[in-house]
Every structure is written in C-alpha cells, then in structure tokens.
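Worksheet for the structure shown next.
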Amino acid sequence: MPDCYRSTQTGIRLYLRVTPNAGMDRIEGQENRDDGSAVLRLRVKAVPDKGRANAAVIALLAKKMRLPKRDFTLVAGDTARLKTIDIAGEPDALAALLAPLMA
C-alpha cells in the first residue's frame, strides 16, 4: 500500500484530499486512489473562500501532530481538493507523528 507522503531533504511532502464546508474538522485516514496514489482525507468546517479552508487544513494538521503552524507550507492545490503540503522537520520523526493519523 503506498503512503500518502514522501520524505524530502527538509521534511515530508504530504498529499491530501480535502472536503471543505463539512460538519466538523476531522482527519479520516489514508485513502488509496484509483490511479494507485494515496492521499490523507480531511474534512474542515471552513468554506473554500479566500484561503480559509487551506488555513483550517494547516491548523488541523498542526494541532493533531502537535507542531507549530509555521512548519506547514501549502505547495500545490490552493483552490483544489487535492493539495500538497510540505512539513518541515526530521522525516523519520514526522512519519511517526503521521502514522496514527493515517489509520
């Protein structure tokens, strides 16, 4: 099963599928896509307007991983449901923090 992240020189690149305007903020776990890739599914209450949903995604991930929001950078998918986020830090430590979220 492929993972929804890849190690980089500066941390981890995380691939997401986000549903905005949901009833509550939550992480639903890893999902394998038809093309063979994997994403981490998230739902956020924020509306997809002026970056509110993107900010909510980063806030949710930062809270669940117990990392500062400044360690997260949206690198792709600003207005799309499929997003790519870079997380700064030591890759093995970040992978350990991500593991419970993927279940």
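Values quoted throughout were computed directly from the atomic coordinates according to the rules given, and no laboratory measurement underlies them. All figures in this text were calculated on a predicted structure; none of them were measured in a lab. Using ideal geometry, Cβ is built from the backbone for each residue, glycine included, and neighbour counts are taken over all protein chains shown.
Explain nothing, just the number: relative contact order of the chain, from Cα pairs under 8 Å at least 6 residues apart, as a whole percent.
Dividing the mean separation by the residue count of the chain yields 32 percent.
Using a 7 Å offset from Cα along Cα-Cβ at D86, what residues in the range 1-31 end up with backbone N under 20 Å from the label point?
Answer for the range 1-31: 4-17.
Ranked by Cβ crowding within 10 angstrom, fewest neighbours first, how are D86, D92, D34 ordered?
Ordered from fewest to most neighbouring Cβ atoms within 10 Å, D86, D92, D34 come out as D34, D92, D86.
Would you tally the net charge around L97, using a Cβ to Cβ cut-off of less than 15 Å, leaving L97 out, and scoring K and R as +1, D and E as -1?
Its environment carries a net charge of 0.
Report the paramagnetic label zone for A96: residues of the range 31-65 whose backbone N is under 19 Å from a point 7 Å from Cα along the Cα-to-Cβ axis.
Answer for this model: 62-65.
Loop only per DSSP, at most 15 neighbouring Cβ atoms within 10 Å: give me the trypsin sites (Lys or Arg not before Pro) in the range 70-100, ordered by residue number.
R81
Divide by every residue of the chain the summed helix terms, -39500 (n - 2.57) for each DSSP H run of at least 4, and state the resulting mean residue ellipticity at 222 nm, rounded to the nearest 500 deg cm²/dmol.
-8000 deg cm²/dmol
Only Cα pairs within less than 10 Å get springs; with that Gaussian network setup on the chain, which residue of T73, T84, T19 has the largest fluctuation?
T73
Rounded to two decimal places and with Rh computed the Kirkwood way over Cα pairs, what is Rg over Rh for the chain?
That ratio is 0.93, to two decimals.
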